[in-house]
Amino acid sequence: HAKRQGRNSAHCYHSGMSQASERRVLLEGDLQKALEENQLYLHYQPRIHAAKNIIVGAEALLRWQHPTLGLVSPVEFIPLLEEMGLIHNIGAWVFREACKQLKIWQDMGHHEFVMSVNLSAVQFRDVRLAQEVRDVIQNAGIHPSTLEVELTETSIMEDVSQTQATLMVLKEMGLRIAVDDFGTGYSSLSYLRSFPLDTLKVDRAFIRDLTTNDEDKSLATAIIAMAQSLNLRVVAEGIELQEQASFLLEKSCDEFQGFLFSKPISAEAFTELLTSWPNKPNHTALPSRA
Ligand code: C2E
Ligand code: MG
Ligand code: MG
Ligand code: MG
């Protein structure tokens with residue numbers, strides 16, 4: 001592959017390079033072109049209202065179909081985008097694409113549907129963010145309260161005074177703000193209380209062994225109670241088993257997300273899911289969709 005060779009040589013391979021760093025150099029070379037060559041796309045995973053069993057929103061998740069390596073995980077390539085200074089442009093593309101899709105679903109009659117978009121720490125600290133988001137919302141013609149940004153607990157605790165200022169700007173624009181992967185970082189309750197947050201997403205690590213591990217049971221219960229006392233909507237991530245959903249419903253968890261309901265899927269497949277989803281307010285009748 002002539003093109004591939006040309007790119008690689010620009011990043012000067014040398015013998016003795018570990019396999020991991022070889023892969024990294026290859027990925028970095030190819031990421032430059034990934035967006036213009038249409039290798040990046042979004043998948044969507046539904047968020048389910050726990051008590052009503054209806055789809056209330058989706059999380060947009062970035063995918064990279066590499067021409068020779070296949071699907072590369074965002075966990076691997078997002079840090080590369082950050083280091084290469086590409087996260088702003090690609091992040092802006094994610095916002096545009098997700099909001100365009102949000103508008104389509106809302107226009108289908110799902111007026112209250114909410115779209116969640118992940119923001120990496122680097123994007124969050126970028127001075128261009130607010131204007132970018134403002135433009136995207138305006139162009140897409142969506143109500144800002146139907147767009148939610150997800151920030152990890154670790155990234156909001158990095159520089160709390162800057163976090164406070166940026167969150168206020170986003171909040172004044174009318175956006176919803178979620179703390180992602182909650183429980184994996186070290187957040188201070190007093191900061192959590194002072195930030196203008198709407199949603200808390202409990203990390204999958206607390207959900208995984210929920211049905212077998214008593215400690216995780218107590219932790220998940222405590223996190224839900226804390227979120228409620230802070231007036232936050234609480235979403236459980238990574239639900240794979242009916243027993244996990246039942247336990248969390250009993251503890252008054254607001255929303256569910258996980259393979260039990262659906263994996264992240266294409267916009268077309270999601271539209272199908274939205275149309276066929278049983279809008280029955282009966283949790284026990286929940287079909288398994290893993
Ligand atoms: P996240 O925001 O915490 O997203 C949830 C991750 O959990 C997704 O992985 C999703 O596929 C996975 N997941 C959902 N339900 C289940 C389940 O029941 N079981 C298991 N085992 N996994 C489940 P994904 O799509 O690989 O994304 C990984 C991370 O990459 C995301 O974690 C997020 O931090 C980051 N990411 C993805 N898309 C974007 C993006 O557009 N921008 C930024 N900045 N980060 C992104
Ligand atoms: Mg997320
Ligand atoms: Mg998460
Ligand atoms: Mg995560």
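What follows is calculated from the coordinates using simple rules that are stated; it is not laboratory data. Fair warning: this is a prediction, and the values are worked out from it, not measured in the lab. As a convention, Cβ positions derive from the backbone with ideal geometry for all residues, glycine included, and neighbour counts pool all protein chains shown.
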Within a Gaussian network of the chain (alpha carbon springs, distance under 10 Å), most fluctuating of Pro196, Pro264, Pro278: Pro278
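Once you keep just the Cα pairs under 8 angstrom separated by 6 or more residues, what percentage relative contact order results for the stretch 12-77?
Values: 60 pairs, mean separation 15.3, N = 66.
Dividing the mean separation by the residue count of the stretch 12-77 yields 23 percent.
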Whole-number Å³ per residue for the convex hull built on Cα positions in the stretch 70-225: 149 Å³
GNM top mover of Ala222, Ala98, Ala267 - the chain, alpha-carbon springs below 10 Å: Ala222
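Based on DSSP, what percent of beta bridges with both residues in the chain are antiparallel, to the nearest 5? Please list the in-between numbers first.
Working: 16 of 38 bridges.
DSSP beta bridges in the chain are roughly 40 percent antiparallel.
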Within the chain, longest stretch free of exposed chymotrypsin sites (Phe, Trp or Tyr not before Pro) [DSSP loop, at most 16 other beta carbons within 10 Å]: 14-185
Inter-probe distance in nm under a simple model that places probes 7 Å from Cα toward Cβ, at Met108 and Lys52: 1.7 nm
Mean separation of Cα contacts under 8 Å (6+ apart) over length of the chain, as relative contact order %: 19 percent
Residues Met168, Met115, sorted so that the one with the fewest Cβ neighbours within 10 Å comes first: Met168, Met115
Distance in nm between pseudo-label sites at Glu83 and Leu69 (7 Å out along the Cβ direction from Cα): 1.1 nm
Rg/Rg_ref, the chain, where Rg_ref = 2.2 N^0.38 Å and atoms are Cα: 1.05
Of the GluC sites (Glu not before Pro) in the stretch 150-239, those whose Cβ has at most 16 other Cβ within 10 Å and which sit in DSSP loop: Glu158
Positive-end residue of Ile156, Ile142, Thr166, charge dipole of the stretch 135-290 with Cβ unit charges: Ile142
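Taking 28 Å as the cut-off for C-alpha to C-alpha distance, list the pairs among Lys103/Lys201; Lys171/Lys217; Lys33/Lys201; Lys52/Lys263; Lys103/Lys217 that go past it.
Lys171/Lys217; Lys33/Lys201; Lys103/Lys217
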Label-point separation in nm, Ser266 to Val127, each point 7 Å along Cα→Cβ: 4.2 nm
Dipole magnitude (debye, nearest 20) for the chain, charges at Cβ of Lys, Arg, Asp, Glu: 500 debye
Translational diffusion coefficient (Stokes-Einstein; Kirkwood radius from C-alpha pairs) of the stretch 38-94 at 10 °C, 1.306 mPa s, in µm²/s: 122 µm²/s
Positive-pole candidate from Gly57, Pro74, Asn38, dipole of the chain, charges at beta carbon: Asn38
Value at 222 nm in deg cm²/dmol, rounded to 500, when DSSP H runs of n ≥ 4 in the chain each add -39,500 (n - 2.57): -14000 deg cm²/dmol
